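Below is one structure; the comments refer to it alone.
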Amino acid sequence: MLPNAISEADIHRARAETLVEILWTSFLQRNTTAERVDRQFATLNTKFVEAAPLAAEQSEKIDKLIAQGETQRREQTERIAEQTKSIVEQTKSIAELTSMIKDLRARVSEHLMQAVFFTRPGIIAG
């Protein structure tokens with residue numbers, strides 16, 4: 001073998017060294033990615049912990065608004081029921097008044113007919 005000649009062992013050694021470098025670089029990149037993911041997760045977790053009291057406060061406000069809305073709806077339903085009852089009573093009163101007016105018209109008409117009949121000259125036998 002010549003001194004300048006590259007042996008097969010040298011080629012395998014170079015390939016192995018290249019493979020080790022590739023694997024080491026890949027490991028470092030994955031490790032860096034894992035560290036970055038861990039940091040992002042820690043940041044998100046911190047933000048979640050910081051936001052939890054605000055979310056609970058907002059939830060309480062929403063619950064109060066829902067309760068107020070239900071109370072208002074219930075009160076409004078009661079008012080509508082009372083107004084409907086009043087309208088029904090007024091409608092009955094109007095119907096009674098209409099009936100009374102019809103009766104009065106009939107009586108007035110009857111009295112007018114009698115008055116005309118009895119006030120005409122020569123109608124009353126005498």
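The values are calculated or read from the model by the stated rules, or taken from the named source; none is laboratory data. All of these numbers come straight from a predicted model, not from anything done at the bench. A quick note on method: Cβ atoms are made from the backbone with ideal geometry, for glycine too, and the neighbour counts reach across all protein chains shown. Remember, those area values only see protein heavy atoms, side chains included, never the ligands or the DNA or RNA. Shrake-Rupley method; radii C 1.70, N 1.55, O 1.52, S 1.80 Å.
Expressed as a whole percent, the accessible area of region 1-91 that falls on carbon and sulfur atoms is 60 (1.4 Å probe).
Where (1) 13.0, 37; (2) 14.7, 45; (3) 51.5, 174 are the candidate values, the label of the one calculated here for Rg and Dmax of the Cα atoms in Å is (3). In the full protein context, region 18-82 carries 92 Å² of accessible surface per residue, based on a 1.4 Å probe and ignoring ligands, DNA and RNA. Shape class for region 1-59: prolate, because the ratio a/c of the largest to smallest gyration tensor axis (alpha-carbon atoms, square roots of eigenvalues) is 1.5 or more and a/b beats b/c. The charge dipole of the chain, taken about its Cα centre with unit charges on the Cβ atoms of Lys, Arg (+1), Asp and Glu (-1) only, comes to about 980 debye. Of all lysines in the structure, those lying under 27 Å Cα to Cα from K61, and not within fewer than 8 positions of it along the same chain, are K47.
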